[in-house]
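The values are calculated or read from the model by the stated rules, or taken from the named source; none is laboratory data. Bear in mind that the values here come from a model prediction, so they are computed numbers and not experimental data. With ideal geometry, Cβ positions are generated from the backbone for all residues, glycine too; neighbour counts draw on all protein chains shown. Quick note on the areas: whole protein, heavy atoms, side chains included, nothing else; ligands and nucleic acids left out. Shrake-Rupley method; radii C 1.70, N 1.55, O 1.52, S 1.80 Å.
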Amino acid sequence: MNATPPKHAPLTQFPVRDGELLVGGTPVSQLAERVGQTPFYAYDRAAISARITTLKAVLPPRISLHYAIKANPMPALLAHMVRLIDGLDVASAGEMRAALDSGMTPAEISFAGPGKRPTELRQAVAAGVLLNVESETELTRIAEASQSLGLPARVALRVNPDFELKSSGMKMGGGPKPFGIDAERIPAALAQVASLGLQFEGFHLFAGSQNLIADAIIEAQAKSFALAMRLAANAPAPLRSLNLGGGFGVPYFPGEARLDITPIGQHLHALDAQLAQDHPTARLVLELGRYLVAEAGVYVCRVQDIKVSRGTTYLITDGGLHHHLAASGNFGQVIRKNYPALLGNKADTVTSGRYNAVGPLCTPLDILGNDLELPEAEIGDLLVVLQSGAYGLTASPAAFLSHPGIPEVLV
Ligand SMILES: *Cc1c(COP(=O)(O)O)cnc(C)c1O
């Protein structure tokens, strides 16, 4: 029996030169000087571009590739992104403002999320973005906003399907959910759309997130497509957009393999061809967050102290869960596992020790890595947490323990 523990998938997006990890072509020690402090987040624009180029090569050319801003709303990153993708998905008025500021045309911005406030719905109608409607109450409020503003309201119905995306990290469809309108109630909601005089554009289905199994994504997209085709029979206007969600995952933990996008692309070609035939005015939309940015980002913190406690060596860093909740294991993980991490200033030194990397917060939850295999560590070394470009800073409790905020750079 081979008892080798599972390893992280090979991560090659950041080359190494003279022992230094290069982020955006800059040695990470130099980057820390340039930023002027640790900790910080850095996102590699070439890595983002490369990811999108590779993805687009397998997708049908007619498909509309959207970026879901909540994965990483950094303004400079958005400015880079809008040159590469076809649309943006937002989930709050704040994200909508960032999307509009980025220069993306309102025609290609969609606004999803339960519990949109009446003021947010009104802002969305005023902006002319597509509202992915999550309830019948929202339909009524959108109609009120449309009437009082004298502007048309563009709507798509978010469907809570009668199936789940298998093997997905976070389930967001199927069974009872706060998201979308149950599939069985969609015919009535379509009648409401017509009677309220709203501009119907299509359907939105989002079955889940962080899926690494191509067959599961294909199955969910096939079922979503079939469901949307059935529901479209009662649509009050020609179908214009069919948003199949996303859910593409990235490998975070030991033993996880990279998602194979080739079969997903082939299957989407088939769906696209069928859509072109049955609903010539419609196009498929794919909305991805994590898959586009997660692997392009690093979180960099510095070792402040090294302590040995009863045989365990702790690297006490200036980073922690207040910046990077996901790496600490407290953002949706059931059993804590390590994000891939290394010493960025000793990136080609052979590993020789095992370390627990923690942050400065007074809680045992403040962990960046347990039992990490690293080169011999010294105070001043840079601990780099990889796969950190999505759900990082804005998904972390920055106010916890009142440490100062940290910078993000796009390099
Ligand atoms: C969060 C979210 C996304 C992005 O999910 P990822 O897992 O980051 O790709 C897309 N669409 C909707 C509706 C979402 O809520």
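Taken over segment 66-80, the criterion of being touching a helix residue (DSSP H, G or I) at 6+ places or on another chain (Cβ under 7 Å) and within 21 Å of G265 (Cα to Cα) is satisfied by Y67 alone. If we keep just the residues of segment 147-156 that are closer than 13 Å to L196 by Cβ and open to solvent by less than 20 Å² (accessible area, probe 1.4 Å), which is farthest from the ligand (Cβ to nearest atom)? Ranking the candidates gives A153 first.
For segment 271-287, a residue qualifies if it is within 16 Å of the ligand (Cβ to nearest atom) and out of contact with any Asp or Glu (no Cβ under 7 Å at 6 or more places or on another chain), and the qualifying residues are V285, L286.
Among the residues of segment 48-75, just one is without any contact (Cβ under 8 Å) to a residue 12 or more places away in the chain and among the basic types (K, R), namely K56.
Scanning segment 57-98 for residues that are more than 21 Å from R158 (Cβ to Cβ) and more than 17 Å from the chain's Cα centre (by Cα) yields a total of 8.
Only residues that are in contact (Cβ under 8 Å) with a residue 40 or more places away in the chain, open to solvent by less than 30 Å² (accessible area, probe 1.4 Å) and not in a strand (DSSP E or B) were counted in segment 364-379, giving 2.
Could you go through segment 22-42 and let me know if any residue there is open to solvent by 30 Å² or more (accessible area, probe 1.4 Å), at pLDDT 95 or above, touching a Leu at 6+ places or on another chain (Cβ under 7 Å) and closer than 30 Å to V129 by Cβ. Checking segment 22-42: not a single residue is open to solvent by 30 Å² or more (accessible area, probe 1.4 Å), at pLDDT 95 or above, touching a Leu at 6+ places or on another chain (Cβ under 7 Å) and closer than 30 Å to V129 by Cβ. Consider E33 against the criteria (1) under 30 Å from I218 (Cβ atoms); (2) assigned to a helix (DSSP H, G or I); (3) free of Cβ contacts under 8 Å to residues at least 12 places away in the same chain: it satisfies all of them except one. Which criterion is unmet? The one condition E33 does not meet is (1). Here A357, A399 are screened, and the one residue that is part of a loop (DSSP other than H, G, I, E, B) and either open to solvent by less than 60 Å² (accessible area, probe 1.4 Å) or away from the ligand (no atom under 16 Å from the Cβ) (or both) is A399. So for segment 271-281 (the condition being closer than 30 Å to V409 by Cβ and open to solvent by 10 Å² or more (accessible area, probe 1.4 Å)), does at least one residue qualify? No, the conditions are met nowhere in segment 271-281. Being of a type in the set (D, E), within 12 Å of the ligand (Cβ to nearest atom) and in contact with a strand residue (DSSP E or B) (Cβ under 7 Å, 6 or more places away or on another chain) holds for only one residue in E134, E95, and it is E134.
Which of the following residues is assigned to a strand (DSSP E or B), within 16 Å of the ligand (Cβ to nearest atom) and in contact (Cβ under 8 Å) with a residue 40 or more places away in the chain: L242, L268, L259? Exactly one of L242, L268, L259 is assigned to a strand (DSSP E or B), within 16 Å of the ligand (Cβ to nearest atom) and in contact (Cβ under 8 Å) with a residue 40 or more places away in the chain, namely L242. Within segment 200-216, being assigned to a loop (DSSP other than H, G, I, E, B) and crowded, with 19+ Cβ neighbours inside 10 Å holds for L205, F206, A207, Q210, L212. Taking the criterion of being open to solvent by 10 Å² or more (accessible area, probe 1.4 Å) and more than 16 Å from the ligand (Cβ to nearest atom), the residues of segment 288-306 that qualify are R302, Q304, D305, I306. Any residue at all in segment 266-279 that's over 20 Å from the mean Cα position of the chain (by Cα) and of a type in the set (D, E, K, R)? Within segment 266-279 (the criterion being over 20 Å from the mean Cα position of the chain (by Cα) and of a type in the set (D, E, K, R)), the answer is yes, since at least one residue qualifies.
Screening P251 on (1) within 16 Å of the ligand (Cβ to nearest atom); (2) under 22 Å from G87 (Cβ atoms); (3) touching a Lys or Arg at 6+ places or on another chain (Cβ under 6 Å) shows it passes everything except condition (2). When you look at L78, is it within 16 Å of A294 (Cα to Cα), free of Cβ contacts under 8 Å to residues at least 60 places away in the same chain and within 15 Å of the ligand (Cβ to nearest atom), yes or no? Judged against the criteria, L78 is a match.
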